[in-house]
1. Cβ-Cβ under 7 Å, sequence separation 6+ or interchain: first residue in the range 96-123 and under 11 Å from Leu158 (Cα atoms), partner part of a strand (DSSP E or B) and of a type in the set (Lys, Arg). Which pairs?
2. Looking for whichever is open to solvent by less than 70 Å² (accessible area, probe 1.4 Å) and under 17 Å from Leu147 (Cα atoms) here; the options are Ala207, Ala242, Ala218, Ala200. Which one fits?
3. So which residues in the range 33-75 are without any contact (Cβ under 8 Å) to a residue 40 or more places away in the chain, over 21 Å from Lys169 (Cα atoms) and aliphatic (A, V, I, L, M), if there are any at all?
4. With touching a helix residue (DSSP H, G or I) at 6+ places or on another chain (Cβ under 7 Å), closer than 24 Å to Glu239 by Cβ and not polar (S, T, N, Q) as the only criterion, which of Val66, Val31, Val72, Val55 stands out?
5. Give the residues of the range 170-198 that are under 19 Å from Val31 (Cβ atoms) and touching a residue at least 40 places away in the same chain (Cβ under 8 Å), sorted by residue number.
6. Inside the range 205-220, can you point out the residues that are within 20 Å of Pro174 (Cβ to Cβ) and in contact with a helix residue (DSSP H, G or I) (Cβ under 7 Å, 6 or more places away or on another chain)?
Amino acid sequence: MGFARADLTEDKYLGGQVVLMQPRKGYRAGVDPVFLAASIAAHEGESVLDLGCGVGAAALCLGTRVQGLRLVGVERQPDYADLARMNAFDNNIDIDVFTADLATLPADVRDESFDHVIMNPPYHLRDRSTTSTDPGREAALFEDTPLATWIDAATKRLKPRGYLTMIQKAERLPEILDGMDDRLGSILVKPLAPREGRAAVLVLVQARKGGRGAFRLASPLILHDGAEHVGDTESYRREVSAILREGAHLPLW
């Protein structure tokens, strides 16, 4: 494995239900994959593909909340894929992690269709952002593969009537919608806003393969109480704290 033990930290998610080894420097999973995992209405016996799974945060949080899922992850950075495998073992959750790029998915993944495909693609366009000096963080945060390619790869791997769900910066919602062709429908967007009266920073976007329902814009999830952060006191709203600390489900509608 590429990371020395001294270069890793042990981080607790869902109130300690999930423990992840992550690089001390480089890309580190925050709350975004936790929100993504919480939004998936999966059921025992269903299959879930996590594209760009990183150290496994979203898949392992989902696998903790919903027992008996078939979990598969794809991660192009070998060091992070190794961490995802180790984290799955340490958390006693079965997940098959493949080291691969979206453009060259292995046959084992291409030959399988999934009830859910989830993903947390890089947020930033290289020509609009300051890049990172850390290769792992650079690859995770700054886009090499267009969002349309992510969406196409995910759509191909879905079963008929399966769900694609992603979390992304709100400013990139037009690109996401533009990348969804007539294979996908019943699109639902859930904004995530930091505080009451503030603009949404993130969006959860879900679409169904073969869906024919009307586009829906859900009410926003407000993350924090109060107009601004005060002191060191955690200000997450009760329902948000339940998602982050207790592994509660996040209904999109």
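1. Sorted first by the residue in the range 96-123, then by its partner, the pairs are Ser113/Lys159; Phe114/Lys159; Asp115/Lys159.
2. Ala207
3. Result: Val66, Leu69, Leu71, Val74.
4. Numbers: Val66 fails: touching a helix residue (DSSP H, G or I) at 6+ places or on another chain (Cβ under 7 Å); Val72 fails: closer than 24 Å to Glu239 by Cβ; Val55 fails: closer than 24 Å to Glu239 by Cβ.
That would be Val31, the only listed residue that is touching a helix residue (DSSP H, G or I) at 6+ places or on another chain (Cβ under 7 Å), closer than 24 Å to Glu239 by Cβ and not polar (S, T, N, Q).
5. Arg172, Lys190, Leu192, listed by residue number.
6. Val205
Table: residues versus (1) out of contact with any strand residue (DSSP E or B) (no Cβ under 8 Å at 6 or more places or on another chain); (2) under 18 Å from Leu164 (Cα atoms); (3) of a type in the set (A, V, I, L, M); (4) modelled with pLDDT under 95.
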residue: Ala37; (1), (2), (3), (4): no, yes, yes, no
residue: Ala58; (1), (2), (3), (4): no, yes, yes, no
residue: Thr64; (1), (2), (3), (4): no, no, no, no
residue: Leu83; (1), (2), (3), (4): no, no, yes, no
residue: Pro106; (1), (2), (3), (4): no, no, no, no
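Here's the yes/no breakdown for (1) out of contact with any Phe, Trp or Tyr (no Cβ under 8 Å at 6 or more places or on another chain); (2) at pLDDT 95 or above:
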site: Glu112; (1), (2): yes, yes
site: Asn120; (1), (2): yes, yes
site: Glu138; (1), (2): yes, no
site: Asp144; (1), (2): yes, no
site: Asp152; (1), (2): yes, yes
site: Met166; (1), (2): no, yes
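The values are calculated or read from the model by the stated rules, or taken from the named source; none is laboratory data. Being a predicted model, the structure only gives us computed values, none of them experimental. Cβ sites come from the backbone with ideal geometry, for glycine too, and all protein chains shown count toward neighbours. Surface accessibility is based on the protein's heavy atoms, side chains included, excluding ligands, DNA and RNA. Shrake-Rupley method; radii C 1.70, N 1.55, O 1.52, S 1.80 Å.
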